[in-house]
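The values are calculated or read from the model by the stated rules, or taken from the named source; none is laboratory data. Here the structure is a predicted model, which is why all the values come from computation and not from measurement. Positions of Cβ are backbone-derived with ideal geometry, glycine not excepted, and every protein chain shown enters the neighbour counts. Please note that ligands, DNA and RNA were not included when accessible areas were found on the heavy atoms of the full protein model with its side chains. Shrake-Rupley method; radii C 1.70, N 1.55, O 1.52, S 1.80 Å.
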Amino acid sequence: MRDNCSWRQGRPGRGVNSVKSLRWTAGAALVAVGLSACGTADPARPAVASSPESSSSMKMGGHSKGVACPEPPRLASPPRRVVTMDGGAAAVLQRLGVADRIVGTAAPDFFAAFTGAEAAALATIKVLDPGQGNAEAVIAAKPDLVVGSSPYSFGGFDGTPTVDQLAKAGAKSLIACDAAQGTMRNDIAVTTTFIKQAAKVFGVEQRGADLVAQIVASLDKVKRTSGKPVRVLALSTPPAAGQPVTARGGTGLANGVITLAGGENVAKDALQDYASLSAEEVVRRDPEAIVVISGFSPSSDEDLLNAIRGSSVLAGTTAAKQNRFVVVPQSILLSPSVLNGEAVAKIAEVLHR
């Protein structure tokens, strides 16, 4: 199998943009630092781990303790000039019928999960920054409202504008944020709350209610088997022999999506976005299915899947023996999205096939 260094280098020349490559490299470096300090007195309880997505140059990936959730803005009238800090936020406004107010967006790679006419419509939105949202570019667009699906888009990522910077420039901020940080997430309430907040700001509350109802209805249609939940391991990097496995913990949207799909996150007892499990502990917890989180690796989804599938660390698990893997884009698994229901359905299909 590949070692971590060769995997981080990826395969240049495959059409992967430099933003993703930077995202991966910086995150992988953080992992190396974080994992060197990982350890726990109780081997059955995962340690908190730094993540390949949590550095300031990485994409969305949930929230950690200490990130404040600001109140939704109060505007005298619906905003007319809006900047979205990521394509996921832009898609929410598109579904609410107010995309004509968007003067630009950052992080357009979130559009990749969309198809058909919706994808075509989103592709017409002006891209201010292909990365996280440079403060200068955002402010230069003269927005009266800036919307993002992660609080890290507001000063948490390098170069992004803070709420105070935007306020001084005359712009309010609407941020999707999980008020129940540090607790186990078993639903997608952060998404439905964000949609309702956005609908209220734009004065289209009924559209927001209809969109939430549509998403809830899609969850109700997901086919699940009765009985015990299927044990699931969710990770975005191929485990390396001799190193801990960095997996998604019990907080954050991914745990909620997995739960709604009829799964049980084997690292849910780590009340952080990430957990560090030893190889022995992974085998002991024996995941029956593995969710491969794409969107961070500079290589293709297929290469990432094959690298994780071929890991010797996972070879003894039921998931590997039964070849039960599913690839889900980080943009609809880790961040509030109108496609969170599709992420649930995608995982459920593999869990209950």
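Could you grab me the full set of residues in region 79-108 that are part of a helix (DSSP H, G or I) and open to solvent by 40 Å² or more (accessible area, probe 1.4 Å)? So that I can check it myself, show each step before the final result.
Of region 79-108, the ones part of a helix (DSSP H, G or I) are 87-95, 99-101, 108.
Within region 79-108, GLN94, ARG95, ASP100, ARG101 qualify.
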* To do: Give ALA76, ALA47, ALA123, ALA37 a once-over and let me know the one that is open to solvent by 50 Å² or more (accessible area, probe 1.4 Å), at pLDDT below 80 and hydrophobic (A, V, I, L, M, F, W, C).
  => ALA37
* Asked: Can you tell me which residues in region 310-326 are open to solvent by 30 Å² or more (accessible area, probe 1.4 Å) and in contact (Cβ under 8 Å) with a residue 24 or more places away in the chain?
  -> GLY310, SER312, GLY316, THR318, GLN322, ARG324
* To do: Would you check if ASP303 is modelled with pLDDT under 95 and of a type in the set (D, E, K, R)?
  => no
* Quick one: is ALA119 among the aliphatic types (A, V, I, L, M) and within 29 Å of ALA217 (Cα to Cα)? -> yes
* Structure fact -> Those residues of region 294-309 which are farther than 16 Å from ALA320 by Cα, surrounded by 17 or more Cβ atoms within 10 Å (Cβ to Cβ) and free of Cβ contacts under 8 Å to residues at least 60 places away in the same chain amount to SER294
* Asked: Do you know which residues across region 140-178 are touching a helix residue (DSSP H, G or I) at 6+ places or on another chain (Cβ under 7 Å), open to solvent by 10 Å² or more (accessible area, probe 1.4 Å) and outside any loop (DSSP other than H, G, I, E, B)?
  -> GLN165, SER173, ILE175
* Taking the residues in region 275-293 that are out of contact with any helix residue (DSSP H, G or I) (no Cβ under 8 Å at 6 or more places or on another chain) and of a type in the set (Asp, Glu) as candidates, determine which candidate is least open to solvent (accessible area, probe 1.4 Å). => GLU281
